[in-house]
Structures are given as structure tokens and as C-alpha cells.
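The values are calculated or read from the model by the stated rules, or taken from the named source; none is laboratory data. Bear in mind that the values here come from a model prediction, so they are computed numbers and not experimental data. Methodologically, a virtual Cβ is constructed for each residue, glycine included, from the backbone with ideal geometry; neighbour enumeration extends over all protein chains shown. What goes into the accessible areas is simple: the full protein's heavy atoms, side chains included, and nothing from ligands, DNA or RNA. Shrake-Rupley method; radii C 1.70, N 1.55, O 1.52, S 1.80 Å.
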Amino acid sequence: MKNVETTKLERANFSSKLGVILATAGSAVGLGNVWRFPYMAGENGGAIFILIYILCVLLLGIPCMISEFIIGRHGQANTARAYKKLAGRTPWSVIGYMGVLTGFLITGYYAVVAGWCLQYVWASLIGQMHGAPTYFQTYFAEFSADPVKPIFWTVIILGGTYLIIKSGVRDGIERASKLMMPTLFLLLLVIVGASCLLPDAGKGIEFLFKPDFTAINSDVFLAALGQAFYSLSIAMGCICTYASYFSRQTDLTKSAVQIGVIDSFVAILAGLMIFPAAFSVGVSPDSGPSLIFITLPNVFHQAFASMPVVGYIIALLFFVLLSLAALTSLMSLHEVSTAFFHEELHITRKRAAVIVTVSTCIIGIFCSLSLGAVGQTLEFFGRSLFDWFDFVTGQIFLPIVGFLTCIFIGWFVPHKVVHDEFTNWGTLRGRYFHLFLFQVKYVCPICILFIFLHQLGLI
Ligand code: PHE
């Protein structure tokens, strides 16, 4: 008994509501907001995509997030064990392991892209971010295929993540988030300001906010839904792991709504950073994934051509912002596996963090090499290893874990347990409980199933 008591007391948690919100929002706000959202919006009709996206966050993303909160806080343990506590000996416990595995696999490849951000901070700092439009294209192609540079930065960013994670939940994750998130917001506002003051910026703002209802089709819906899940870090173990550090007083619904709002707000601000500048120099913002690393440096360079110093500063700040966003998400991904190894293998947190750092570094190195250096050998069925990680985790595991989590909470876990967590054991009114239950029972699983089949090209 004494043992149980001490483990309970020893379990770390976030020290304040602000810590909960900033850390979890840090997980959600990432490359998905600043890199993926703008190009998805660009490709899918701008304002109309944003509108549908917000609906998806509110109606589907938030209930899924609350479900993970419930499992994590109830479990007070890493994701695998948290699911197991509710699932008992049934096969449902496999979902938790899948969540951890997804988080683990994503860490390595996410770190590669996060490493690119650092390289761009460095390149901006030493003044390499100017030249003709083709220059940026060659720069990125050469850099991402280089055998050493991207690996160097991947190792650096994972090393940085390690230093934060090993310091623990409060002194590491919470402290870092409290420092990085406000900095990120500040940078965002500065760049949005600069971008919106450019001549002709109005066209970009219009593209973002004036919906063209003729652009609606099922692709836009599914793209928005997929983006909402990715952006909220759902189904990767992150939300569940962080929720295990929430206290019994944390209002799960309110927190999920706040995080959803912050996350969407940052995504829209990211759009406001990019589109006005892009339209002001007449560059099309629908260039897909290369938007951030190729189009954007060029846009900043051209847009501020008459004030090179401002251009230099804006590009630098932008990549610092991107790196911060990536780092806070990477922390949450790393924490999923660290907590798992720490608790399941009964080793110290530091040792668990070392294992995760080293193994994800190895994954990252191979992913990075597959993009150029030894591309051919690391290509399977026409996809590079990097793309495989992206595909398997984002398009297969994520929908499966998300789908099963909803079914698990909606149909399997006793409603009393769900209600207790939802209302903090009756201390909150839980006005939306029935709506929530309806969403996770029917609406969310059906919608996730649609994205899944669509992504696989089956519908
Ligand atoms: N939500 C993050 C983003 O927007 C991505 C992410 C997914 C992070 C899953 C952690 C886990 O970039």
C-alpha cells in the first residue's frame, strides 16, 4: 500500500492551468499550423477551407481531444498503460500501444523537418536567404539531399529536446512551454504586422477571409478534417500522455476548447503571415509542401526588397518561430515514448529519454538520407523512407487510433467513468456531456472512417 501511495505522490504533474494550456497548445501548435495549414488552405480554396476547418476542429477535433484527455487523466500513466487500465484484459489495450508506436515513429521524421527549420534559421542569420527565385529552389533541393547537414540539425534538435524532456514535466516541459509559446505568439504578431502592411496585402487577406462557396467539394472537407486531427496532435499518444499530468481540477472540456481555439488562431495567423506577402509579390500560395522552404524565403526577399534589413529580420524571425513551434511539438512526441519506457521498463526518466533520443535519431538519419544522399537504396515501392513514415503514421495509424479511441470511449468504457472524468467527479455541470457522447459514439468515427478511406483512395 505504501508503495502505491508513494508512486501516486511521485507522479509528476503540471503546476498550473496556464502550464496545462501552454504545454498542450505547444504540442498542437507546430509545423502543422505554420507549414501544413497555409498550403492546404492555398490548395483548397482559402477562406472556405478555413471555415470548414474550424467546424471540424469544433465538432470533431475537440471531442476526440476530450476522449484522449479522459483516458490519460484516468490512467495517470503513459498512453499504453492508460488504455490498458480502462481496457482490462480486452484487445482494446492494443490501441494504447499503437498510439505510443505512432508517436515514436513520427518523432524521428518530424525531427528531420524540425532540423530543416534550424538550418534555415542559421542560413537566414548568415545572410544566405537572398537570391533569384530559382536560387531558393536549388538551395532547398541541395540542402535536403545533403548527406551531412540535415542530419547534423536533426541531431541538434533532438539533443535540445532531450535536454528539456530529461528535466521532467514541470522543470522541463512546462517551463520550456511557458517561455517558448509566448515568444512564438509575439513573433507571429510581428510578422503578421509586417506582412499585412505590404502593398497589395489586401488581396491575400481577401483570399483568406472571403469564402468562395463554389470551391466546396468532398476533397475540401476531407482535407480540412485530416488537417484538424493532425494539427490537434490527436491519436499520437501526445494528448493522452500530457493529460496524465493534469490534475483532478483541470476542466477537460474547457481546456480542449481553449487549445482548439489557440491552435486555430495560430493557423489563421500563419495564413495572415504568408498570404498577404505572397500576393503582394504575385507569387501563388498553392505550391504545396515546398511553400515554407522554397516559396516563402523568396517571398520575403522580394516583398522587402526595398528594405533589405527588414527582409533579413523577418525571414530570420519567421524561421525562429517555425523552429519554436516544431520544438514544442517534438517535446510532446518525445514525451510519449519517454514516459512509456520510463514506466514500463522501470528505468529512470533520464535513461528512458536517452533511449528515445538515440533511437529516434537513428530513424531521423535514415529518413533524411532517404531524401537524397542514398535515396535509391532507401526507396521501397516508389516511396522514400521519409514518405513511408509520413504515410504510415499520418494516413494509416492516425485514423485507426483516432477511430478506435472514439469507439472505445463511446461504446466500451463505462459511461460512469467517462462522466466522472468529464465533470471532475460531479464538481462541474457537464452540460455538454450528452452532446460529447453522441459525437464520439457516432459522428467522429464515421467521419474518421471517411478520411481514412479517402486517403487510401478507396472513395
Ligand atoms: N500538431 C502538430 C502540428 O501541428 C503535429 C503533431 C502531430 C505533433 C502529432 C505532435 C503529435 O504540427
Next on the checklist: Need one number for the chain: average projected area of the convex hull over its C-alpha atoms, nm².
Outcome noted: 21.3
Item to check | Per-residue ³J(HN,Hα) for the stretch 227-237, Karplus 6.51 cos²θ - 1.76 cosθ + 1.60, θ = phi - 60°, Hz, x for Gly and Pro | outcome: 5, 4, 5, 4, 5, 8, 6, 7, 6, 10, x
Checklist outcome for this item: Dipole check, the chain, charges on Cβ (K,R +1; D,E -1), about Cα centroid: among 122, 364, 75 the Cα furthest to the positive pole belongs to 75
Next on the checklist: Between 0 and 90 degrees, rounded to the nearest ten: what's the tilt of helix 252-280 against the longest Cα principal axis of the chain?
Outcome noted: 10
Checklist outcome for this item: Counting only protein heavy atoms and rolling a 1.4 Å probe, one gets per residue an accessible area for the stretch 287-332 in Å² of 28
Checklist entry - Rounded to the nearest 20 Debye, what is the dipole magnitude of the stretch 200-262 about its Cα centre when Lys and Arg each give +1 and Asp and Glu each give -1 at the C-beta? => result 300
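Within 10 Å, count the other beta carbons around each residue, average over each peptide in 105-113, 253-261, 36-44, and list them highest first. Let's see the in-between values first.
On the way: 105-113: 27.0, 253-261: 19.3, 36-44: 23.4.
Ranking, from highest mean packing down: 105-113, 36-44, 253-261.
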Checklist entry - Of 17/149; 254/441; 84/178; 17/85, which pairs sit farther than 28 Å apart, going by alpha carbon to alpha carbon? => result 17/149; 84/178
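Write down the accessible area per residue of the stretch 77-141 in Å², having rolled a 1.4 Å probe over the full set of protein chains. If you can, show how the numbers build up before the last one.
Values: 2470 Å² over 65 residues.
Per residue, the stretch 77-141 has an accessible area of 38 Å².
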Checklist entry - Based on Cα positions only, what radius of gyration and what Dmax would you give for the stretch 288-429, in angstroms? => result 21.8, 64
Checklist entry - Roughly how tilted is helix 62-75, in degrees to the nearest 10 and between 0 and 90, from the longest Cα axis of the chain? => result 50
Item to check | Calculated from backbone phi, Karplus (6.51, -1.76, 1.60) coupling profile of the stretch 433-439 in Hz, x at Gly/Pro | outcome: 4, 5, 4, 4, 5, 4, 4
Checklist entry - Given +1 on the Cβ of Lys and Arg, -1 on the Cβ of Asp and Glu, and no further charges, what dipole in debye does the chain carry about its Cα centre, rounded to the nearest 20? => result 1580
Checklist entry - Against the longest alpha carbon principal axis of the chain, how many degrees, from 0 to 90 and to the nearest 10, is the axis of helix 93-125 turned? => result 30
Checklist entry - What is the P(r) of the stretch 149-200, as percent of Cα-Cα pairs per 5 Å bin from 0? => result 5, 17, 15, 14, 15, 15, 9, 7, 3, 1
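Could you work out the equivalent-ellipsoid semi-axes for the stretch 226-324, taking the square root of 5 times each eigenvalue of the Cα gyration tensor, largest first, in whole Å?
Values: eigenvalues 241, 40, 28 Å².
Taking √(5λ) for each eigenvalue gives 35, 14, 12 Å, largest first.
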Checklist outcome for this item: In whole Hz, the Karplus estimates of ³J(HN,Hα) for the stretch 19-28 (6.51, -1.76, 1.60; θ = phi - 60°; x where Gly or Pro) are x, 4, 5, 5, 5, 5, 5, x, 5, 5
Item to check | Radius, Kirkwood style, for the stretch 51-205 when every pair of distinct Cα atoms is counted (Å) | outcome: 19.7
Item to check | Of 259, 284, 159, farthest towards positive along the dipole that unit charges on Lys, Arg, Asp, Glu beta carbons give the stretch 152-296 | outcome: 159
Checklist entry - Of all the accessible heavy-atom surface of the stretch 106-233, with the other protein chains kept in place and a 1.4 Å probe, what percent is carbon and sulfur? => result 68
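Of all accessible surface on the stretch 331-435 at a 1.4 Å probe, what whole percent is carbon and sulfur? Show your work: numbers first, answer last.
Details: 3350 of 4980 Å².
Of the solvent-accessible surface of the stretch 331-435, carbon and sulfur hold 67 percent.
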